[in-house]
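Scroll down for the structure; my scribbles are underneath it.
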Amino acid sequence: MTLPVKIHLLELKRVRNPEKRLGKGILRLDKNENPVGLGAKFVDILKKEVTPDFLSAYPEVEPLYEKIAKWVGLKTENIYISSGSDAAIKSVFEVFVEPHDKVLLLSPTYAMFYIYARIFQAELVEIHYRRGLELSTAEIIKAINDQKPKLACIANPNSPTGTIISKEELKNIIETAAKNNCVVLLDEAYCIFSPVSSIDLINKYPNLIVMRTFSKAFSLASARLGFAAGQAEIIGSLHKVRPMYEINAFAARFGELILDNYDLVEKSLKELNKGRQFLEGELDRLKVPYYKNYGNFILIDVDSFERSNKIAQVLLNKKILIKGGFKEDILKNCIRITIGSVSQMKRFLDAFKEALTSLEGK
C-alpha cells in the first residue's frame, strides 16, 4: 500500500531526534536555553503545586492570560497563549497562509518559519544577510512592495545571527506591510536580552503580531510555553484554530508562578550579563573574533567550517554542548555559544582554548 501522504510533504525531511542532552556533568550551551536556571527554591514551589486534583483536572489558563496581559501592558483579548512560540507560528500560518501565498523571511532565521512555509505550501521571499551579518531593511520594504507577501516573519533579535532591527525601521516595515495587506509576525523570543521591543506598537498597528516565549530568559524551556500578542481581531482569528486547551496545566501554572516571582528572572539575567561580559573580555584578550549580538548567545568566528566541527567535537568529549557546523555560508566559520554564568563560561573557555591548541598543533 502507498500511503496517501500529501505530495508537498514528501520532500520535507523531518524525523524524530532522539537527543540525549541531560545527564551528570553536561553543560548545555547549544540551544540557547538558560543554563543558570531558577534555583532549587523555585523548583520546590513548583512541586507543591502538584496535587491529585491538579493532575486530574483539565488546565485552567485564564489566570495566566491575566498575568501575561498585565506583564506586557495589554488586555487578555490581546493575548493568545500557545505551546511554545512555534505553536503560535503554526496558528498564524493556519489563519493567514493559503497554498502559493508568498511569505517573507529573513535568511538565516528560526528554522520553524521555513518548515511551516513548506507545510502550508507557501512561496518564500527570502531577504538574505550579507557578510558581516548586515541586513538591508530597504530590501525588506522593497520586497513587500514588489512581491506582496501575505505574511512577513521577522525575528527581532534574530537567531542565529543575534542581530536587531531598530524600532523606527520596524515601524516603516509594518506600515509598508499594512499598505500591502500583509501581516507582520515579530518573533521576540530574545527581546529581554535586547534594547528593542515592539509589543507596545500593537494598539497602533492592526496587522502586527508579536510573539514571546518562556524558554529563554524565563528558564522554562521544558514547559513549552509561549504567546502571541496583537489587536483583538487578529487574536480572535488565532483562537479559531487553537486546540481544545492551548497548553497543559503544568505550563499554565509554572507560567503564573514565574511571573509572580519575576525577581528570579532578573537575578538570572544579572548572572548571564556577567557571564557575557567575562566571555567577551576573554575573547578580546585572546584576539578571537566574535559578533556582537543581542540574544543570549555569542557567535565566535573560528576561521573555517572544518574547524567549527572539530571544536564542537572536542567540547562534546568534555561534556560541553555547543552549536557548530552551520550550513549557511555567512555562518559556516562560526560556532555558537549560549551565554551562562561566569563559572560556566570559564569551563567553556578552558575547553575551547584546549581545542584551539590541539588544532594549531596539527
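The values are calculated or read from the model by the stated rules, or taken from the named source; none is laboratory data. Keep in mind that this is a model prediction, so the values were computed, not measured. Cβ: placed from backbone, ideal geometry, glycine included. Neighbour counts: every protein chain shown.
Of the residues Gly340, Gly281, Gly324, which is of a type in the set (Gly, Ala, Ser), modelled with pLDDT under 95 and under 30 Å from Asp187 (Cα atoms)? If you could, list the steps in order and put the result at the bottom.
On the way: Gly340 fails: modelled with pLDDT under 95; Gly281 fails: modelled with pLDDT under 95.
Criteria check complete, one pass: Gly324.
Across segment 128-160, what is the total count of residues that are crowded, with 22+ Cβ neighbours inside 10 Å and of a type in the set (D, E, K, R)?
0
Have a look at Ser268, Ser222 and point out the one that is free of Cβ contacts under 8 Å to residues at least 12 places away in the same chain, within 30 Å of Thr51 (Cα to Cα) and of a type in the set (S, T, N, Q).
Numbers: Ser268 fails: free of Cβ contacts under 8 Å to residues at least 12 places away in the same chain.
From the options Ser268, Ser222, the qualifying one is Ser222.
From the set of residues in segment 51-100 that are in a helix (DSSP H, G or I) and among the small types (Gly, Ala, Ser), which is farthest from Ile202 (Cα to Cα)? Give the derivation first.
First, pick out the residues of segment 51-100 that are in a helix (DSSP H, G or I): 52-56, 62-72, 76-78, 84-96.
This time we only want the ones that are among the small types (Gly, Ala, Ser), so: 56, 69, 84-85, 87-88, 91.
Working: Ser56: 37, Ala69: 12, Gly84: 21, Ser85: 18, Ala87: 20, Ala88: 16, Ser91: 18 Å.
By that ranking, first place goes to Ser56.
Looking at (1) outside any loop (DSSP other than H, G, I, E, B); (2) more than 24 Å from the chain's Cα centre (by Cα), which is the one condition that is false for Phe42?
(2)
Looking at segment 317-362, which of the residues that are more than 25 Å from Gly132 (Cβ to Cβ) and part of a loop (DSSP other than H, G, I, E, B) is nearest to the chain's Cα centre (by Cα)?
Gly340
Right, Glu19: surrounded by fewer than 16 Cβ atoms within 10 Å (Cβ to Cβ), in contact with a helix residue (DSSP H, G or I) (Cβ under 8 Å, 6 or more places away or on another chain) and modelled with pLDDT under 95 or not? Lay out the reasoning, then the answer.
Numbers: surrounded by fewer than 16 Cβ atoms within 10 Å (Cβ to Cβ): yes; in contact with a helix residue (DSSP H, G or I) (Cβ under 8 Å, 6 or more places away or on another chain): no; modelled with pLDDT under 95: yes.
Considered against the rule, which asks whether it is surrounded by fewer than 16 Cβ atoms within 10 Å (Cβ to Cβ), in contact with a helix residue (DSSP H, G or I) (Cβ under 8 Å, 6 or more places away or on another chain) and modelled with pLDDT under 95, Glu19 comes out as no.
Tell me, please, whether a residue that is touching a residue at least 60 places away in the same chain (Cβ under 8 Å), crowded, with 19+ Cβ neighbours inside 10 Å and closer than 22 Å to Ile68 by Cβ can be found in segment 108-127.
Yes, segment 108-127 contains a residue that is touching a residue at least 60 places away in the same chain (Cβ under 8 Å), crowded, with 19+ Cβ neighbours inside 10 Å and closer than 22 Å to Ile68 by Cβ.
Could you list, in sequence order, the residues of segment 15-30 that are touching a Leu at 6+ places or on another chain (Cβ under 9 Å) and either assigned to a loop (DSSP other than H, G, I, E, B) or among the hydroxyl-bearing types (Ser, Thr, Tyr) (or both)?
Within segment 15-30, the first condition is being touching a Leu at 6+ places or on another chain (Cβ under 9 Å), and the residues that meet it are 21, 26-30.
Those that are touching a Leu at 6+ places or on another chain (Cβ under 9 Å) and either assigned to a loop (DSSP other than H, G, I, E, B) or among the hydroxyl-bearing types (Ser, Thr, Tyr) (or both): Arg21, Ile26, Leu29, Asp30.
Looking at segment 281-299, is at least one residue surrounded by 21 or more Cβ atoms within 10 Å (Cβ to Cβ), under 25 Å from Ser166 (Cβ atoms), small (Gly, Ala, Ser) and touching a helix residue (DSSP H, G or I) at 6+ places or on another chain (Cβ under 9 Å)?
Scanning segment 281-299 turns up at least one residue that is surrounded by 21 or more Cβ atoms within 10 Å (Cβ to Cβ), under 25 Å from Ser166 (Cβ atoms), small (Gly, Ala, Ser) and touching a helix residue (DSSP H, G or I) at 6+ places or on another chain (Cβ under 9 Å).
Can you report the number of residues in segment 1-39 which are touching a strand residue (DSSP E or B) at 6+ places or on another chain (Cβ under 9 Å) and in contact (Cβ under 8 Å) with a residue 40 or more places away in the chain?
Looking only at segment 1-39, we keep the residues that are touching a strand residue (DSSP E or B) at 6+ places or on another chain (Cβ under 9 Å), and these are 21-22, 26-35.
Still in the running and in contact (Cβ under 8 Å) with a residue 40 or more places away in the chain: 21, 26-35.
Number of matching residues: 11.
In contact with a Pro (Cβ under 9 Å, 6 or more places away or on another chain), buried (at least 16 other Cβ atoms within 10 Å of the Cβ) and either under 19 Å from Tyr110 (Cβ atoms) or hydroxyl-bearing (Ser, Thr, Tyr) (or both): is that true of Lys323 in this structure? Break it down into steps so the answer makes sense when it comes.
Working: in contact with a Pro (Cβ under 9 Å, 6 or more places away or on another chain): yes; buried (at least 16 other Cβ atoms within 10 Å of the Cβ): yes; either under 19 Å from Tyr110 (Cβ atoms) or hydroxyl-bearing (Ser, Thr, Tyr) (or both): yes.
So Lys323 fits the description; yes.
Please verify whether Tyr205 is more than 30 Å from Glu328 (Cα to Cα), free of Cβ contacts under 8 Å to residues at least 60 places away in the same chain and hydroxyl-bearing (Ser, Thr, Tyr), treating the condition exactly as stated. Step through it out loud before you land on a result.
Details: more than 30 Å from Glu328 (Cα to Cα): yes; free of Cβ contacts under 8 Å to residues at least 60 places away in the same chain: yes; hydroxyl-bearing (Ser, Thr, Tyr): yes.
Yes.
State all residues of segment 120-132 that are at pLDDT 95 or above and either out of contact with any Leu (no Cβ under 7 Å at 6 or more places or on another chain) or farther than 25 Å from Pro99 by Cβ (or both); if no residue qualifies, say none.
Phe120, Gln121, Ala122, Glu123, His128, Tyr129
If I go through segment 194-215 residue by residue, how many of them are of a type outside the set (Gly, Ala, Ser) and modelled with pLDDT under 95?
Taking segment 194-215 and keeping what is of a type outside the set (Gly, Ala, Ser), we get 195-196, 199-214.
When the remaining residues are screened for being modelled with pLDDT under 95, the result is 195-196.
The total comes to 2.
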